[in-house]
Amino acid sequence: MRHDDFDREMTRPVRERRTKTAEEALASLMRLCARAERSSGDAMRLMRQWGVDEMQRAAVLQRLVAARFIDDERYAEAFVREKLNLSGWGAYKIRQALQRKGIDRHTIDAALSSLDGEQMRDRLTERLSRKLRTVKYSSPYDLRSKLMRHALSLGYDFDTAGAAVAEVMNGMRVDDSETF
C-alpha cells in the first residue's frame, strides 16, 4: 500500500452499524426464516448484532415461535438430516454443533434418535473408501491410524469408526505384516 492510499484509508469515515428496532428485526427475521430454517439461538445472535434491546429480543422471539417461523425441533431434525446425508458427520459432531446453536439437550436427543446406525456406518465406510484414494501411508498401521483419525474427526464413535476402518482395510486386503 502506498503512502497516499494509506492516508486515504485512514481518513475514510467509519461506517457505523445502524441498530434495528424490534419491528424491523421481526420483519428481517421473518424474511430470513421464510428462506431457510433458523434456530432460536441464531435469531437471538442476529438481534444482538442488530442492537435490539434484550427485553425486545425475547418478545420478538416469542412472536416468531408463535407464528412458527422458528421451531427448534424442526430445525434440529433438518440439521441432522443435512449433516448426515450431505456432510457425512457422525452423531458426536452433530450434537456439538447443535449445542453451539443453542438447542436444548432434549431436542437434540429427539432429533438424533431418528438416526439409523447401519446407515451411518455405511456412509462412514463410503467416506473412508474415498479418503483411502488420497491418503499417503508407509505401513498398514499408519493407514489404519490415519483412517481412524479421519473417522473420529467426522464425529463417529470409536466402535463405529473401528468397524468401518476394518471393513475398508479388509476390502483392500491389507495385512498388518505387509509393508508398503
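Every number in this text was worked out from the coordinates using simple rules, so none of it is lab data. The model shown is predicted, which means the values in this text are computed figures rather than measured ones. Reconstructed Cβ throughout: ideal geometry from the backbone, glycine too, with neighbour counts over all protein chains shown.
Can you tell me which residues in the stretch 77-103 are more than 22 Å from E126 (Cβ to Cβ) and loosely packed, with under 14 Cβ neighbours inside 10 Å? Across the stretch 77-103, the qualifying residues are Q96, Q99, R100. Selection over the stretch 128-160 of residues that are over 25 Å from L98 (Cβ atoms) and among the aromatic types (F, W, Y) gives a count of 2.
Restricting attention to the stretch 79-110, the residues that are in contact (Cβ under 8 Å) with a residue 12 or more places away in the chain, within 19 Å of A151 (Cβ to Cβ), small (G, A, S) and not in a loop (DSSP other than H, G, I, E, B) total 2.
Going through L143, L124, L152 one at a time, which residue ends up being over 24 Å from the mean Cα position of the chain (by Cα), part of a helix (DSSP H, G or I) and aliphatic (A, V, I, L, M)? Selected residue: L143, the only one of L143, L124, L152 that is over 24 Å from the mean Cα position of the chain (by Cα), part of a helix (DSSP H, G or I) and aliphatic (A, V, I, L, M).
Checking each residue in the stretch 155-168 for being among the hydrophobic types (A, V, I, L, M, F, W, C) and either closer than 16 Å to D122 by Cβ or assigned to a loop (DSSP other than H, G, I, E, B) (or both) picks out A161, A163, A164, V165, A166, V168.
Kindly indicate the residue of the stretch 127-140 that is assigned to a helix (DSSP H, G or I) and either out of contact with any Lys or Arg (no Cβ under 9 Å at 6 or more places or on another chain) or among the small types (G, A, S) (or both) and also surrounded by the most Cβ atoms within 10 Å (Cβ to Cβ) among those meeting that condition.
Top of the filtered list is L128.
For the stretch 44-58, taking the residues that are surrounded by fewer than 16 Cβ atoms within 10 Å (Cβ to Cβ) and of a type in the set (A, V, I, L, M), the one that is nearest to D116 (Cα to Cα) is identified as A58.
Residues in the stretch 59-76 that are loosely packed, with under 14 Cβ neighbours inside 10 Å and not in a helix (DSSP H, G or I) were compared, and the one that is nearest to the chain's Cα centre (by Cα) is R68.
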